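Enquirer: First, the structure itself, so that you have it in front of you.
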Amino acid sequence: MSTLRAALTTEARKAVTSRVLRWTTGLLLASIVALTSGILAAKELGDPQLTAKLGPIVALDGWPALLAIAAQITAAGVMPALGIGLSWIVGREFADGTITGLFALPVPRWAIALGKLVVYLVWTVVVAITLCAVLLALGLLLGLGGPGPSDWQALTRELSLTILVGLVAMPIAWAATLGRGLLPGIATAIGLLVISQVMAFTGSGAWFPVVTPALWAIDPDAVTLPQLALIPSVPLVFGALTLLAWHRLQLDR
Amino acid sequence: MTTGLVAEGVTRVFRGGAGVRRVDLVVRPGEIHALVGLNGAGKTTLMKLLLGMLRPAAGEIRLDGIPLAALPASAWAGVGQVIEHPLAYGDLTARQNLLLGARLHGLSASRAPAAVDAAIRELALEPYTEVRARRLSAGNRQRVGLASALQHRPRVLVLDEPTSTLDPAGVLLLRDALRRSSAAGGAVLVSSHHLDEVARIADRITVLNAGRVIGTLDPGDSELERAFFDQVLADDRAEGRA
């Protein structure tokens, strides 16, 4: 227990002082707010090209429009951002050479990896809560008034979307470990995003747990309960694979 | 049972032929053991094997008589090491790095600050305690890494080229720290290119060449450099490399 606490404490300290995580969080929030505001403004101005692409959202106004646009952007944009953060948390020691310092310790490497994954999940929840708070502030700033009950539901879905995407991003941790660095993790994040987009586009994504959160957030009725129930399999399987890879790690390449 | 760190017939060869072959080595308590060799001789590979960063293809490594494969994680609390890069995160200050290192080496949250303060004094890091590691010179980052490896008073210390980036003052501080560790019963293994430096601190010198132990040197030998090159050249000739 004390070794787990040591691993968690040290990983949390590293995350709190990390410039990469601070910048990633800031850029993600700024991008989503800027894009949501921009699309909302263009919709209000009746931009024909944009309204054609917005589909059913074009019929919405006020909070429903803001939150639907934010969900669309979050569904596509949050995976690369969280992927960079996860890849950094797991792969930084490989990249800067300090990985040798994580050997020959009474804290087992699988515990260090577990500390990293827990810190990543906490960061994901912080990003999700901050994003919702920022969207709430944006709506109030735009004079939309207080959100109604259905708007709070949409905001809760936005919160869940970020957290669920954070969970299904877990293969990135495994890739950063196997690839011994940040870039394999970031490449995996881009790969997952591309696969998600293609499967969402072809309408075949609801059974693919990496895509399910986005489809559910955009249209809750389009996803069934068994499909949602598959989501935890991704963090469980790839989280376990990551711990195993750290347990068996050798510095042979 | 031999205490300290022991390698018996250890082999690990990489694609291309580099690595170590059938290496026997004993690092005894109370002794500073130096590993010398040319670049690519296998010093770092051997140290990585001794610390579990690599698994041997053949042979066995034991810490205080227990094979590494059967070693409980808690046994590593008695080991300190710096291999290739010091454990110094750029975003953290020198003190934060040392506190982190202390916790990872098994010191409790209550004991860590005193150990960190002592290590800061030992390596003369007082002016840099609140400076982020990324702003430190390579030599001072190395001092942080060495302080992190020493602060929990390990019984076994493994340092790969520890003086390579240190200034002369840092070399003197490290030399004193290693002597104190050894005098307190610590088993110390250091690798180095600097034979004069090795001669000043080592009780025993092992020569590694092309991945094999080819002999030993007498630290008191006034012609240490000549003796080293004689051994390496003789080995290269015998193996058809020269």
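Enquirer: Once the other residues with Cβ under 10 Å from the Cβ of B:Ala184 are scored (Lys, Arg +1; Asp, Glu -1), what is the net sum?
Expert: Spelling it out: positives minus negatives among the neighbours equals +4.
Enquirer: Could you give the distance between the Cα centres of region A:196-253 and region B:156-217, to the whole Å?
Expert: 50 Å
Enquirer: Using amide H atoms built in the peptide plane, which far-off residues or other-chain residues are under 5 Å from B:Gly19 H to H?
Expert: Those lying under 5 Å, H to H, from B:Gly19 are B:Phe14.
Enquirer: Report, in whole Å, the centroid distance computed from the Cα atoms of region B:103-140 and region B:1-55.
Expert: Centre-to-centre distance over Cα atoms comes out at 29 Å.
Enquirer: Leaving out same-chain residues fewer than 8 places away, which lysines sit with a Cα under 20 Å from that of A:Lys43?
Expert: A:Lys53
Enquirer: Let me ask another. Relative contact order for chain A: what is it in percent, counting Cα pairs under 8 Å that are at least 6 residues apart?
Expert: Details: 303 pairs, mean separation 64.4, N = 253.
Relative contact order, chain A: 25 percent.
Enquirer: Same structure again: Read phi for every residue in region A:23-32 and hand back ³J(HN,Hα) as whole Hz from Karplus 6.51 cos²θ - 1.76 cosθ + 1.60, θ = phi - 60°, with x for Gly and Pro.
Expert: 5, 4, 4, x, 5, 4, 5, 4, 5, 5
Enquirer: If the cut-off is a Cα-Cα distance under 15 Å, which aspartates and glutamates reach A:Lys116, setting aside same-chain residues fewer than 8 apart in sequence?
Expert: Those aspartates and glutamates meeting the cut-off are A:Glu11, A:Glu93.
Enquirer: Another one. For the protein assembly as shown, just the Cα atoms, rotate onto the principal axes and tell me the three extents in Å, largest first.
Expert: Result, largest extent first: 90, 47, 39 Å.
Enquirer: Express in % the proportion of alpha carbon pairs of chain A at distances exceeding 31 Å.
Expert: Details: 8989 of 31878 pairs.
That fraction is 28 percent.
Enquirer: I need the phi-derived Karplus couplings for region B:48-60: 6.51 cos²θ - 1.76 cosθ + 1.60, θ = phi - 60°, integer Hz, Gly and Pro marked x.
Expert: Karplus values, whole Hz, x for Gly and Pro: 5, 5, 5, 9, x, 6, 10, 9, x, 6, 8, x, 9.
Enquirer: May I ask for the net charge around B:Val6, where only other residues with Cβ less than 12 Å from the Cβ of B:Val6 are counted and Lys, Arg are +1 while Asp, Glu are -1?
Expert: Once positives and negatives cancel, what remains is -2.
Enquirer: Using the Karplus curve 6.51 cos²θ - 1.76 cosθ + 1.60 with θ = phi - 60°, what ³J(HN,Hα) values do you get for each residue of region B:165-171, in whole Hz, with x for Gly and Pro?
Expert: Taking θ as phi minus 60°, the curve returns 10, 7, 7, x, 5, x, 4 Hz for region B:165-171.
Enquirer: Using Cβ counts within 10 Å as a stand-in for footprinting exposure, how do B:Thr165, B:Thr93 rank, fewest first?
Expert: The most exposed by this proxy come first: B:Thr165, B:Thr93.
Enquirer: Residues with beta-carbon under 13 Å from that of A:Gly181, excluding A:Gly181: net charge, scoring Lys, Arg +1 and Asp, Glu -1?
Expert: Here the charged neighbours net out to +1.
Enquirer: Okay, moving on. Can you list residues whose amide H is under 5 Å from B:Thr216's amide H, if they're 5+ apart or on another chain and H is modeled 1.01 Å from N?
Expert: B:Val207
Enquirer: If each residue's Cβ is checked for other Cβ atoms within 10 Å, how do B:Arg155, B:Arg21, B:Arg180, B:Arg15 rank with the fewest at the top?
Expert: Result, fewest neighbours first: B:Arg15, B:Arg180, B:Arg21, B:Arg155.
Since every read-out is calculated from the coordinates, none of them should be taken as a lab result. Since we're looking at a predicted model, the values are computed, not measured. FYI the Cβ positions are ideal-geometry reconstructions off the backbone, even for glycines, and counts take in every protein chain you see.
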